[in-house]
Amino acid sequence: MRTVKEVSEMTGISVRTLHYYDEIGLFTPTEVSEAGYRLYDDKALEALQQILFFREFDMPLKEIKAIMENPFLDKKQILAGQRKMLELKKGRLERLISGIDDILKGENKMDFSIFSKTELEEMFEDIASMYSEDQLQILASKFGSMEEYKQQYITNAGKPKTQEHFAKMVEWYGDKELVREFMVQTGQSRIGKAYGNRIEEIYRKIYRQKEQNVPVSDFSVKSLIGELEFVMKEFLQVKDDPNMLKNLMILYRTNAEAAEQNDHEFGKGMSEYFANAIEAFYGKGQK
């Protein structure tokens, strides 16, 4: 049996962290002595090693705990999967090192891309094909056209930070095509529908505020506009847009057909009230 201090010295994990793992039920001692000392046997240390492997992939503690508590856990299969992921990570690091060497020699530029522009265009088309008509209308309203949205999607997806995120996903899934399938199928068929439902519910809440004659400057209305902005940023993946909803405001004030359709779906006067609420949220004269 080893004490928590000895385990800490063996693994390099602080005693405080080990205590925290115990508190959340992730890594509990084999037994506690009469004096109150935590004691760990070799089996416990094997479990801790498994936890540390998962932490190498930046996996949240909550997810690690769920995996470790799975009664059907196949340790050999888990280790084989982790080994494959480490090999992929090693390969990517070797490519980066090679790129740095080329730069030092003046021969090449570094390339962090996981998905090429062509692959991103194909991914976008696959994702767009799974949007509902309502979702397509929201996108077209926000960007002016689906083509404009496509260009911004590809630009954002091609940024180094996004490509780095894709790289982590590839390391985890072990296959680039699996990541693409995840982005298209899971990201849109279920999550996309959930976003669409949430956006629609916020619209209906805003209309109920109109029906109750609540001023657009009221905090309750501004809160709903703020919530809508947040949800649409998440849904459209354009988190750096500071005036997310102003295009919708302009649309409903200048496009009679769009305003009429919006009123038909949510209620008479919705477009005017909604546009005024957006203006109140951003503030008149704000650019």
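Derivation of every value follows stated rules applied to the coordinates shown; laboratory data play no part. Keep in mind the model is a prediction, meaning the values are calculated, not measured. Note that we place each Cβ from the backbone using ideal geometry, even for glycine, and neighbour counts take in every protein chain shown.
Results, tabulated for the structure shown:
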item: Sites residue 103 and residue 43, calculated FRET efficiency, Cβ-Cβ separation with R0 41 Å, nearest 0.05; result: 0.30
item: Entries in 117/176; 233/268; 176/233; 43/65; 90/161; 159/222 that, when Cα-Cα distance is taken, lie over 23 Å; result: 233/268; 176/233; 159/222
item: Backbone HN-Hα couplings from phi across the stretch 217-227 [Karplus 6.51/-1.76/1.60, Hz, Gly and Pro as x]; result: 7, 5, 4, 4, 6, 4, 5, 5, 5, x, 5
